[in-house]
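Data block below; observations after.
All of the numbers you see were taken from the coordinates with simple rules; none came from a lab. Being a predicted model, the structure only gives us computed values, none of them experimental. Don't worry about glycine lacking a Cβ; one is built from the backbone with ideal geometry, like all the others, and counts go over all protein chains shown.
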Amino acid sequence: MKPGTEDSILDVGCGDGGGLAAHGPDLAITGVDRVPRPGYATGRRRFVQADATALPFGDGTFDIAYSNSVVEHIVDPDDRRRFVSEVRRVGRRYFVQTPNRWFPVEPHSLLPFIHWLPRSWGQRLWRFGVSGDPFDQTKLLGRAELARLFPDARIVRERLGPLTKSLVAVGPREELELFTRRGA
C-alpha cells in the first residue's frame, strides 16, 4: 500500500489506537469501532463510532480502507458481505487482513487445532485458551472464502515458515496496478 502522509486512511475496527495508528503516527487515520475509543483522536487521528456494516462515509472517501483481524469476528454471512461491500465502497484501495483458517493454531485462543474440531468440542475447550472473545464470535476464513468476498483483490499470504499464518485481500487489482505505474 505504501501510505504517505497525504493519504487518507480508514482503519475499520481500530481498537484503542495500538494498531495501525501506533505504527503510523504521522498518517491521517480515521478510526472506526462499534464502541467508544476516547483516547484515539490525537494529532492527525480522528475517531468515528460506527458499525462496519454501515459506514457513515461517501463512496471513495478514503485513499485506503484498512482492516486488521476484524472480518473473522463478523460471523453472520450477510453481515460479512455488508462489511466487505462497505470497505470496498469507501476506500479507493483496501487492505483487509485475517488469520488463516488452515493455520494449525487458532490465533484468538492460541490453542492448536481447536478451530478444526466440531463446534461443540471447540466450544467446550475454548476456556483453556487465552481469548477474551466468546467462542461463537469468531469464524476464521480460508483463502477461497476471502477470494470470493474480494473477487477484485490480490490475496497475499503472510507466512510463518512454510505455513500461511494470515491472509490479506489487497485491491482492487486495477487500482493497485495504476498506483504502481505512477511510481507511488
Stokes-Einstein translational diffusion, the chain - Kirkwood Rh over all Cα pairs, 1.306 mPa s, 10 °C, in µm²/s: 92
Student exercise, segment 20-107 dipole from Lys, Arg, Asp, Glu Cβ charges, in Debye to nearest 20: 240
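Given R₀ = 35 Å, FRET efficiency for Lys165-Glu6 by Cβ-Cβ distance, to 0.05?
On the way: r = 32 Å, r/R0 = 0.91.
So, using R0 = 35 Å, E works out to roughly 0.65.
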Only Lys, Arg (+1) and Asp, Glu (-1) charged, at Cβ; the chain dipole about Cα centre in debye: 420
Computed label-point distance, nm, for sites Gln123 and Gln137 using a 7 Å Cα→Cβ extension: 1.6
Backbone N under 17 Å from the Ala22 label point (7 Å along Cα→Cβ), restricted to segment 105-136: 108, 132
FRET efficiency, 1/(1 + (r/R0)^6) with R0 22 Å, evaluated for Glu158 and Val130 via beta carbons: 0.60
Using alpha-carbon coordinates, inclination of helix 77-90 to the longest axis of the chain, degrees: 20
Within the chain, percent of DSSP bridges classed antiparallel, to nearest 5: 40
Charge dipole (segment 34-184, unit charges on Cβ, about Cα centre) - positive-most of Gly161, Ala41, Val70: Gly161
Residue-by-residue Karplus 3J(HN,Hα) for segment 132-146, coefficients 6.51, -1.76, 1.60, Hz, glycine and proline x: x, 7, x, 3, 6, 9, 9, 9, 5, 10, x, 4, 4, 5, 5
Placed amide H near Thr30: partners under 5 Å, 5+ positions off or other chain: Ile9, Leu10, Asp11, Arg46
Segment Asp59-Glu174, extension gain: residue separation times 0.36 nm, minus the distance between their alpha carbons: 39.7 nm
Given charges at beta-carbon only (K, R positive; D, E negative), |dipole| of segment 118-176 in Debye: 340
